[in-house]
There are 2 protein chains.
Amino acid sequence: MAAKLGILAGGGPLPGNLIEACKSSGREYFVLAFEGQADPKIIGEAPQAWVRLGAVEEAIGRLRAEQCEELVLAGPVKRPSLADLRPDRRAARFLARGLLSKGDNGLLGAVVRSLEEEEGFRVVGADTILADLRAVAGPFGRYTPGTDDEADIARAVDVVYHMGRLDIGQAVVIRQGIVVGVEAAEGTEALLQRCGELRGERQGGVLVKLPKPGQEKRADLPTIGPQTVAGAADAGLAGIVVAAGATLVIDPTRVIADADATGLFVVGITPGDYRSDYDTV
Amino acid sequence: MAAKLGILAGGGPLPGNLIEACKSSGREYFVLAFEGQADPKIIGEAPQAWVRLGAVEEAIGRLRAEQCEELVLAGPVKRPSLADLRPDRRAARFLARGLLSKGDNGLLGAVVRSLEEEEGFRVVGADTILADLRAVAGPFGRYTPGTDDEADIARAVDVVYHMGRLDIGQAVVIRQGIVVGVEAAEGTEALLQRCGELRGERQGGVLVKLPKPGQEKRADLPTIGPQTVAGAADAGLAGIVVAAGATLVIDPTRVIADADATGLFVVGITPGDYRSDYDTV
């Protein structure tokens, strides 16, 4: 029987998927929800405690008291201002390493290492628990990329590779060879919205969202869902490309139905097929 | 006496600066303004003709009829849809090379080469005519970057270098080590606006806007002006960094006054001092 799971809940729907997975497999679990980040409606009636992001001692204490052995980080966490963070001693020690000025991958990688090496938890990726939500290879629905799209995809993989190496973001929109937008702190939704505003009469284009090269997969795994499909459709894009096996697809049935209904392709690729040095395993 | 100058006018105030410079030096000139791009208020009463971007034969014909020998490209040009472009035979021949799917540097570099090698004009950079508007080295006004800003600037130069090599954009906003936003097709103004919306309570940060490595300097030279200072101030940034000698500063007196009034630094650097392979000459 699997050890009790501590779900460290950030924003978005992912914590809810993990709660459901534990319930249906009969696994014990406890939700540690971050104030101002997690959505109470998503957490619902699950066994839970709410802590500030900066209250690391309290968080660790609750997870130990609940006898959680395995932890999973779920959902995006907005960076608070230092004033909002109000770090306790443990958080301050952590921050003293200058980690708040790292990109997401630098910061989250350090969080995972600290939880394992200093605190003795095991940290697993959300995708190991939600294996059904892992992006498959090839087309998800009925549409596939055309020749023009393939050229945009190849260029996009190259751009995301460099963005990722610089720890900037995971997503880019390319239309007819032109980089319309690059994701940084604003997130994929805001990226898609501005690409829609910029489209003029130009048609098509692709959203390519991939893990950063060598990314810590147990935190911040690229995620898409029905909202991504809706945003891409509104932006007039031809399709969405993700990394097979290294992306979570929230509500895949609806993703496929919505993509088919709006004429979008959604495709899982292996970035290493485009650039041999693009390691996403 | 200098040859008659053909001013190929895109958007923004730059064509007006060139008209003024010709008037005050007594140089003959003619404005070829692109429909839907140039601003009639900026062009004013100058000798002028308006053509569609796709009407290359007409444009070249007018420039020859006006006996322009030297040309200058001034102001940004939005990429039209193919339907809006309605390319004539000469434009179509040009487009057949797949240039519409190049980034700005690829496209504009090809335009400059074609005007010189195929059409026999000399093309000069706007900065050679507006030498007074070239960014100086060091601080423009009374404020200078602090230690935190210096770290953000160093990281930003690295990011812009990679963005530029991929022909994506010229500008990035970094705040406390985090890449808040990267400029692609949306332009610097839209970049600053979304960085303002994302700032929360975080303070400071820098806008770094530099030419792409090896960029064709006779087109699309990075430009800042009072609008950039206002946008950076609204976004809560600490300052603006440009490449000394390789940036045009529209209305430098007002840029300095506005920066001093809002507490921003504006500084000209040499990107090669940060990365020896960053060639901006």
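Key figures
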| item | result |
| --- | --- |
| Some residue of segment A:193-209 being under 16 Å from the mean Cα position of the chain (by Cα) and assigned to a helix (DSSP H, G or I) | no |
| Some residue of segment B:116-131 being within 14 Å of another protein chain (Cβ to nearest Cβ) and over 19 Å from B:T280 (Cβ atoms) | no |
| Hey, A:L237 open to solvent by less than 30 Å² (accessible area, probe 1.4 Å), under 30 Å from A:G109 (Cβ atoms) and of a type outside the set (D, E) or not | no |
| Test result for B:D167, within 11 Å of chain A (Cβ to nearest Cβ), over 20 Å from B:G146 (Cα atoms), in contact (Cβ under 8 Å) with a residue 12 or more places away in the chain and among the acidic types (D, E) | yes |
| For A:H162: the one exception among (1) under 29 Å from A:K78 (Cα atoms); (2) in a helix (DSSP H, G or I); (3) in contact (Cβ under 8 Å) with a residue 12 or more places away in the chain; (4) within 12 Å of chain B (Cβ to nearest Cβ) | (3) |
| Failed item, numbered, when B:Y274 is tested on (1) open to solvent by 20 Å² or more (accessible area, probe 1.4 Å); (2) closer than 28 Å to B:V123 by Cα | (2) |
| Entirely in segment A:1-66, the helices (runs of 4 or more DSSP H) that have 1 or more residues that are touching a Ser or Thr at 6+ places or on another chain (Cβ under 8 Å), without any contact (Cβ under 8 Å) to a residue 12 or more places away in the chain and of a type in the set (S, T, N, Q) | none |
| In segment B:94-114, residue most open to solvent (accessible area, probe 1.4 Å) [restricted to those that are farther than 17 Å from B:E186 by Cα and in a loop (DSSP other than H, G, I, E, B)] | B:R97 |
| Leading residue by the ranking (nearest to B:I129 (Cα to Cα)) among those in segment B:1-37 that are open to solvent by 10 Å² or more (accessible area, probe 1.4 Å) and among the hydrophobic types (A, V, I, L, M, F, W, C) | B:A21 |
| Test set (1) within 23 Å of A:D132 (Cα to Cα); (2) part of a helix (DSSP H, G or I); (3) open to solvent by less than 10 Å² (accessible area, probe 1.4 Å); (4) of a type outside the set (G, A, S) - A:I153 fails condition number | (1) |
| Filtered residue count, segment A:189-208, keeping only those that are surrounded by 24 or more Cβ atoms within 10 Å (Cβ to Cβ) and more than 9 Å from chain B (Cβ to nearest Cβ) | 6 |
| Residue in segment A:248-261 that is within 18 Å of A:G196 (Cβ to Cβ) and surrounded by 15 or more Cβ atoms within 10 Å (Cβ to Cβ) present | yes |
| Residue among A:V180, A:V229 that alone is buried (at least 22 other Cβ atoms within 10 Å of the Cβ), in contact with an Asp or Glu (Cβ under 7 Å, 6 or more places away or on another chain) and either aliphatic (A, V, I, L, M) or not in a strand (DSSP E or B) (or both) | A:V229 |
| In segment B:67-86, residue nearest to the other protein chains (Cβ to nearest Cβ) [restricted to those that are open to solvent by less than 50 Å² (accessible area, probe 1.4 Å) and over 16 Å from B:E116 (Cα atoms)] | B:S81 |
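The values are calculated or read from the model by the stated rules, or taken from the named source; none is laboratory data. The shown structure was predicted, so the numbers you read here are calculated from the model rather than taken from an experiment. Virtual Cβ from ideal backbone geometry, glycine too; neighbours counted across all protein chains shown. All accessible areas refer to the heavy atoms of the entire protein, side chains included, with ligands and DNA or RNA removed. Shrake-Rupley method; radii C 1.70, N 1.55, O 1.52, S 1.80 Å.
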